[in-house]
Amino acid sequence: MSRIPRWSCWVLACCAAVLFSVLLGCSNDNGNALSPGRDRFKAELTDTQVVPAVDNNAGGVAQLTFHQDDNIPRVKVHLTNIRRDEVTSVTINAGTAGTTGPVLFTLFTQTDGLRFDCDADLELTDVNFTPQPGAGITTVAEAVTAIETGAAYLQVSTGTPPVEQLRGQFVQIQ
């Protein structure tokens, strides 16, 4: 009776791990499993979408995903050509393209030297949600629906008082 080489057990274990991860579903770029059946939404952040438009070299992207373990919506924000210490607020607002609207989620507000992480991963919860009855949005679920239907945008502001520098309308991606 021959023995199985030790390296073949390692190969078998690796193959089983790969098969297991494929069977459990996809993962996003940071390795977190996404909730099956939920779409992803993206906002290209530009100065030309600001109302009225501004002229700067800053840019960025925001992506909304849902983690399968808890189905909590998360927004990943990546900014370029803007200094962290200049960002005074990052919000998600109600409003369609070309319009302005009230804040739904306050993702970041600069306080006492706190600096925005230009690669932030933030949860959308009751803690950072502001109900907007005038816009017909009174729950986190309704706010997420606004994002999913293109009726919300992410904005990045600098200065005191905050001046909008970047804006991106959320759209569904494949």
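The values are calculated or read from the model by the stated rules, or taken from the named source; none is laboratory data. Predicted model, so just to flag it, every value in this text is computed and none were measured. Using ideal geometry, Cβ is built from the backbone for each residue, glycine included, and neighbour counts are taken over all protein chains shown.
Okay, residues lined up against (1) more than 20 Å from Glu44 (Cβ to Cβ); (2) among the β-branched types (Val, Ile, Thr):
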position	(1), (2)
Gly59	no, no
Pro131	yes, no
Ile137	yes, yes
Glu142	yes, no
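For the stretch 110-119, check the following and say yes or no: at least one residue is in contact with a Ser or Thr (Cβ under 7 Å, 6 or more places away or on another chain) and either closer than 12 Å to Val156 by Cβ or at pLDDT below 95 (or both). Give the steps one after another, and end with the answer.
Restricting attention to the stretch 110-119, the residues satisfying the condition of being in contact with a Ser or Thr (Cβ under 7 Å, 6 or more places away or on another chain) are 110.
Add one more test, that the residue is either closer than 12 Å to Val156 by Cβ or at pLDDT below 95 (or both), and what stays is 110.
Checked against the condition, which is being in contact with a Ser or Thr (Cβ under 7 Å, 6 or more places away or on another chain) and either closer than 12 Å to Val156 by Cβ or at pLDDT below 95 (or both), the stretch 110-119 yields at least one hit.
For Thr130, state whether it is surrounded by fewer than 18 Cβ atoms within 10 Å (Cβ to Cβ) and more than 10 Å from Phe105 (Cα to Cα).
Values: surrounded by fewer than 18 Cβ atoms within 10 Å (Cβ to Cβ): yes; more than 10 Å from Phe105 (Cα to Cα): no.
No: the conditions fail for Thr130.
Across the stretch 23-64, what is the total count of residues that are at pLDDT 90 or above and within 26 Å of Val127 (Cα to Cα)?
Residues in the stretch 23-64 being at pLDDT 90 or above and within 26 Å of Val127 (Cα to Cα): 10 in total.
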